[in-house]
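Heads up: the structure comes next, in structure tokens.
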Amino acid sequence: MPAARDAPVKGPLPHTGWRRLMMDTRPLRHLPFRRLWSSTAVTAVGSQLTAVAVPKQVYDITGSSAWVGYASFAGLIPLVLFALWGGAIADTVDRRKLLLVTNTGIAVTSLLFWVQAATGAESVLVLMVLLASQQAFFGMNQTTRGASVARLVPMEELPAANALMSTVGSVGMVFGPLLAGALIPVIGLPELYLIDAVGLCAAMWAVWRLPALPPLPRTGTETAAAAPRLAGWREVAAGLRYITASRVLLLSFVADIVAMVFGMPRALFPQLAATTYSPWGEGLALGLLFAAIPIGAVAGGLFSGTFSRARNHGVMVIAGVVAWGVAVVGSGLSSNLWWAAGFLVAGGVADMVAMVFRGAILQSVATDDMRGRMQGVFLVVVAGGPRVADLVHGMAGAALGTRTAVTVGGLLVVVTMLALAVTMPALRRYRA
């Protein structure tokens, strides 16, 4: 497929000198990408208020980290199904229209979260049903959003565009938890859901102003006049076969699964805040633990000029995942809140590096008529992996103790990723 059909004309040359160390903002020169990016920026903080409110509300009702894991896991099945199916849909319809529909669905579920909290329902079942519904819309929305990026910027700017998208999301993940910790004692937990809903509604304007993003002509002998494709599970299966045919794509997904399932300890944060780090104040500890990884991701994004132009994308993924595992081990071994948070910040930097190059590999290797389905699998791994980790860490924390569970998880990340890098060289040899 010609590059001219897939991306805008190349932008200005990148910065030189010390400015090369800073974030590469060239993708923001393209108005359509800037609108997509701004819609993410508007909702970044609000969505994280809900991300903190749900586990906090579940823990308040049950007093159990295991239930926090079960509730998070309740969103996994709809996330998996609708991310995969949504990817197939995104490959067959106007992606702008699909973004509008799914943004509306997420906003409605946020309003329902507010209603149940404001009325004092105190039902974990209701929370799990709402979370499952929201994750279904979220899966379709994020899949479509990711698949649209390569249509809005030149190919050589994909790592920079991914860094921009990830950084603005991470900014929300920093200030959202901190703001949640500060606002809960002042305005109460229900209003966090309401703020999220308002932000989602405001972001609809930026999505509305995006250009139409209909499917491009299919590759091969088919033409634009070919019959419209149906977004069925046969299309989903074709996407999965596409991944298995590309060793690099497959290993990039496996690397993320290793990092997230073994190494993401967020289900233990409420218990760690209430027990191990309670001398520093439960509210401060909870907000800081949730915010530490995104703080590191923001720092990595702001200085992404140090790595976003690298060509050996596979090595960057491997290095990022190993460094993430080492940081998680350090956090688990720390009995001091500030040391634990510091290691998590370092882990956030490493995760940003790995995320940027995983995304760049996916968007550059896959053709446009497969990007929606590839983003669907990508989202299942990125968002679904931590939900599996919530379940695993919740049970491991109850059986082994919280800090031990965190430490063992980090060690598994390091050992497994190094073993994959040695035994399966396709990823470490990949260059853009």
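The values are calculated or read from the model by the stated rules, or taken from the named source; none is laboratory data. Keep in mind that what you see is a predicted model, and the values were worked out from it rather than measured. Neighbour counts are summed over all protein chains in view; Cβ atoms, including those assigned to glycine, are modelled from backbone coordinates with ideal geometry. Quick note on the areas: whole protein, heavy atoms, side chains included, nothing else; ligands and nucleic acids left out. Shrake-Rupley method; radii C 1.70, N 1.55, O 1.52, S 1.80 Å.
Summary of values
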read-out	value
Stokes-Einstein D for region 386-429, Kirkwood Rh over Cα pairs, 4 °C, 1.567 mPa s (µm²/s)	111 µm²/s
Efficiency of FRET between Asn312 and Leu250 - r from beta-carbon atoms, R0 25 angstrom, step 0.05	0.85
Radius ratio Rg over Rh of region 78-142, counting only Cα atoms, Kirkwood formula for Rh	1.07
Degrees between helix 233-244 axis and first principal axis of the chain (Cα, 0 to 90, nearest 10)	90 degrees
Per-residue SASA entry for Arg151, accessible area with 1.4 Å probe, Å² rounded to 10	40 Å²
Residue-level accessible surface for Ile61, protein heavy atoms, 1.4 Å, Å²	60 Å²
Sequence of Val171, Val129 when ordered by accessible area, the most exposed leading, probe 1.4 angstrom	Val129, Val171
Accessible heavy-atom area order of Thr423, Thr407, highest first, probe of 1.4 Å	Thr423, Thr407
Leu100 paired with Ser364, simple spin-label distance in nm, labels 7 Å along Cα-to-beta-carbon	3.5 nm
Where labels lie 7 Å past Cα in the beta-carbon direction, separation of Phe303 and Val186 in nm	3.1 nm
CD proxy at 222 nm, helix term only [per DSSP H run n ≥ 4: -39500 (n - 2.57); per residue of the chain; nearest 500]	-25000 deg cm²/dmol
Extension gain (nm, one decimal) between Ala238 and Ala274, 0.36 nm per residue minus Cα-Cα	8.3 nm
Rounded to whole Hz, the Karplus (6.51, -1.76, 1.60) HN-Hα couplings of region 130-138, x for glycine and proline	5, 5, 4, 5, 4, 5, 5, 5, 4
Rg to Rh, two decimals, where region 326-432 supplies the alpha carbon set and Rh follows Kirkwood	1.03
Heavy-atom SASA rank of Lys97, Lys56 (probe 1.4 Å, accessible area, largest first)	Lys97, Lys56
Cα-based Rg and Dmax for region 112-219, where Dmax is the largest Cα-Cα distance (Å)	17.7, 56
Solvent-accessible area of Tyr430 with every protein chain in place, 1.4 Å probe, in Å² to the nearest 10	40 Å²
Leu418-Met155 pseudo-label distance in nm [points 7 Å out on the Cα-to-Cβ vector]	3.6 nm
Cα pair distances in the chain, grouped into 20 Å bins until the bin that holds the longest one, percent each	27, 61, 13, 0
